[in-house]
Amino acid sequence: MLSPLEAAKQTAAHKAINKHVENNFVLGIGSGSTIVYAVERLAERVAKENLEVVCIPTSFQAKQLIVKHGLKLGSLDTHPILDVCIDGADEVDANLNIIKGGGACLLEEKIIASCANGLVIIADYTKNSTKLGDQYKKGIPIEVVPMSYVPVRNKIRNTFGGEVNLRMAVAKAGPVITDNGNFILDWVNFKQLDDWKEVNTAIRMIPGVVETGLFLQMAKIVYFGQADGTIKEQTAKDGH
Ligand SMILES: O=C[C@H](O)[C@H](O)[C@H](O)COP(=O)(O)O
């Protein structure tokens, strides 16, 4: 028996797989806890409906999930254009600006999403926010080359304010190392900024920054599973 939160993740994940997956599709498989339910449902559909789909993972975790469920594994080398990418999120604001990277998978997630004809986000009700930072307090993740973390941290703090912390590992001494051998900085207590695109561009211009967890105007639809079993849908206002 799932908790209301887990059930909400599952509802959103099933909806996305039921609605956005077709035979012969090339699919991006996101990372995190919500995507687990999506891959379970995908495996069910593939078995029942004899679907031919190729899955492109956005992380080591996603690759393991694809393999565990016996799904066909692909890569951008063989499938550089995807029909759809399905992924979770840490926070989604009213304008479909999204924070991702709570699990440190933001770089590959953004690359895969950028190669897909649509990014579909699956999330529970706690991720639904008006402004970034309202709900999610762990900050905006920024993947950096290890040797650059101190100057990058200082530059972000001095330019935009807030605090920037090196993400530390839990069952290892020292920092979290991403799937690409980099560090993660978490930018917390930032003030509300109007133009996230401008901020994102400025941060990405700092030498040493590999990618940010700001996914701006990338998603075409977000499914928020609700505690009562329903789903709230949010789509891009400008139809991007
Ligand atoms: O790096 C991790 C990813 O961006 C996840 O998609 C995000 O953290 C959401 O994960 P969850 O589904 O566990 O809330």
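Counting only residues that are assigned to a helix (DSSP H, G or I), touching a residue at least 40 places away in the same chain (Cβ under 8 Å) and β-branched (Val, Ile, Thr), segment 112-166 holds 5 of them.
Filtered by the rule that a residue be more than 8 Å from the ligand (Cβ to nearest atom) and either under 10 Å from the mean Cα position of the chain (by Cα) or assigned to a strand (DSSP E or B) (or both), segment 79-98 gives 82, 84, 85, 86, 91, 92, 97, 98.
Taking segment 168-220 and the strands (runs of 3 or more DSSP E) fully enclosed by it, the elements with 1 or more residues that are within 16 Å of the ligand (Cβ to nearest atom), touching a Gly at 6+ places or on another chain (Cβ under 7 Å) and of a type outside the set (Lys, Arg) are at 183-188. Looking only at residues in segment 221-232 that are assigned to a strand (DSSP E or B) and over 17 Å from the mean Cα position of the chain (by Cα), the one that is surrounded by the fewest Cβ atoms within 10 Å (Cβ to Cβ) is 232. When restricted to residues that are charged (D, E, K, R) and either over 25 Å from residue 94 (Cβ atoms) or in the same structural domain as residue 95 (by the TED database) (or both), segment 164-210 contains 3. On inspection, residue 104 does not qualify as more than 13 Å from the ligand (Cβ to nearest atom), in a loop (DSSP other than H, G, I, E, B) and touching a Lys or Arg at 6+ places or on another chain (Cβ under 8 Å). Being out of contact with any Pro (no Cβ under 9 Å at 6 or more places or on another chain), more than 11 Å from the ligand (Cβ to nearest atom), more than 20 Å from residue 233 (Cα to Cα) and in contact (Cβ under 8 Å) with a residue 12 or more places away in the chain holds for only one residue in 54, 21, and it is 54. Does residue 122 count as modelled with pLDDT of 95 or more, touching a Ser or Thr at 6+ places or on another chain (Cβ under 7 Å) and assigned by the TED database to the domain that holds residue 104? In short, yes.
The residue list 155, 131, 100, 110 contains one member that is out of contact with any strand residue (DSSP E or B) (no Cβ under 7 Å at 6 or more places or on another chain) and either closer than 25 Å to residue 11 by Cα or of a type in the set (Asp, Glu) (or both), which is 131.
The values are calculated or read from the model by the stated rules, or taken from the named source; none is laboratory data. These numbers were taken from a predicted model, which means no experiment stands behind them. Glycine gets a Cβ as well: all are built from the backbone with ideal geometry, and neighbour counts include every protein chain shown.
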